[in-house]
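Below is one structure, written out as structure tokens; comments come after it.
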Amino acid sequence: MTRRAFYILFLLLTVPVVLRAQGYCCDRQGATLEYVRKISKSGETRWRHTMKVKDVSKGPDGSVVTSVSIFLKPNGKPYYKGDIIEQVVLRENNDVWVDMEAVTVEYIKGRAGLNATAEADPSIIPASMEPGDTLPQVSGKAKVSLLTYTYRIWDRKVLRRESISVPAGTFDCVVLEEHKLESGPGHNRDVLNHTWYCKGIGFVRHDTYINGKLDTSEILYSIK
């Protein structure tokens, strides 16, 4: 073996190699992400959110990532009626595709314990997001018995790239801004969201603004 060949082999064996690009979600089976959402005005904890990646399997359009989210009150009691199961598809180009119809039905079931039907646009989080990019609007509606609820997510734009430090560590992120309006009997909410996304993890921080004021922040505390 020549000295040059030996040197190249040495580099291959000792320098970390990135085998593939990543999308803005956690696709490591068995990973557990711990979040805490706090009320900005008081600093009190609204909930503790544990998300575990239960399964990663091959689908026709890419990797199907199934996660289970558990929400707990500060006293350890369940915040919702049940756990929330969510699936996303990590496509071959590393875009994250979300079936918003399924997500809407699952969240209503988990939060309120009610069965629902839904119609909604899919949501896509591109792997190639850059500051200044805009994302397509997402709208949908859900029917719970005779009641109809609607939502619209629009004015979706990538604000900047930012390195952010949270209890789980320091992460290089893109910051996505979205305007969300939810309407229906007994439930009307108009918010502006800022979300910090990191490749290979998903969201690291999620801020919600109401009437221009920061209402809550959900932050990643640990990842195992």
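The values are calculated or read from the model by the stated rules, or taken from the named source; none is laboratory data. None of these values were measured; they are calculated from a predicted model. Don't worry about glycine lacking a Cβ; one is built from the backbone with ideal geometry, like all the others, and counts go over all protein chains shown. For the accessible areas, the whole protein counts, side chains as well, though only heavy atoms, and no ligand, DNA or RNA atoms are used. Shrake-Rupley method; radii C 1.70, N 1.55, O 1.52, S 1.80 Å.
Within segment 24-80, how many residues are assigned to a loop (DSSP other than H, G, I, E, B) and either farther than 21 Å from TRP97 by Cβ or in contact with a Pro (Cβ under 8 Å, 6 or more places away or on another chain) (or both)? Working first, answer last.
Looking only at segment 24-80, we keep the residues that are assigned to a loop (DSSP other than H, G, I, E, B), and these are 24-31, 40-44, 60-61, 73-77, 79-80.
Those still in the list that are either farther than 21 Å from TRP97 by Cβ or in contact with a Pro (Cβ under 8 Å, 6 or more places away or on another chain) (or both) too: 30, 40-44, 73-77, 79-80.
Qualifying residue count for the region: 13.
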Query raised in the report: Which condition does SER69 not pass, out of (1) at pLDDT 95 or above; (2) open to solvent by 30 Å² or more (accessible area, probe 1.4 Å); (3) of a type in the set (Gly, Ala, Ser), if it passes all the others?
Result: (2)
Query raised in the report: Looking at segment 40-50, which of its residues are closer than 24 Å to ASP27 by Cα and either touching a residue at least 60 places away in the same chain (Cβ under 8 Å) or surrounded by fewer than 10 Cβ atoms within 10 Å (Cβ to Cβ) (or both)?
Result: HIS49
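Yes or no, residue by residue, for (1) surrounded by fewer than 18 Cβ atoms within 10 Å (Cβ to Cβ); (2) charged (D, E, K, R); (3) at pLDDT 95 or above:
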site: ASP133; (1), (2), (3): yes, yes, yes
site: VAL138; (1), (2), (3): no, no, yes
site: ARG160; (1), (2), (3): yes, yes, yes
site: PRO167; (1), (2), (3): yes, no, yes
Report task. From (1) closer than 23 Å to ASP172 by Cβ; (2) loosely packed, with under 10 Cβ neighbours inside 10 Å; (3) at pLDDT 95 or above; (4) not acidic (Asp, Glu), pick out the condition that doesn't hold for ALA31. Result -> (2)
Report summary line: Reported set for segment 51-63 where residues are open to solvent by 30 Å² or more (accessible area, probe 1.4 Å) and of a type in the set (A, V, I, L, M) is MET51, VAL56
Query raised in the report: What tally of residues in segment 170-220 results from selecting those that are touching a strand residue (DSSP E or B) at 6+ places or on another chain (Cβ under 8 Å), surrounded by fewer than 14 Cβ atoms within 10 Å (Cβ to Cβ) and not in a loop (DSSP other than H, G, I, E, B)?
Result: 5
Report summary line: Picked from segment 113-131 (must be under 16 Å from HIS187 (Cβ atoms), in contact with a strand residue (DSSP E or B) (Cβ under 8 Å, 6 or more places away or on another chain) and not in a strand (DSSP E or B)), the residue most open to solvent (accessible area, probe 1.4 Å) is LEU114
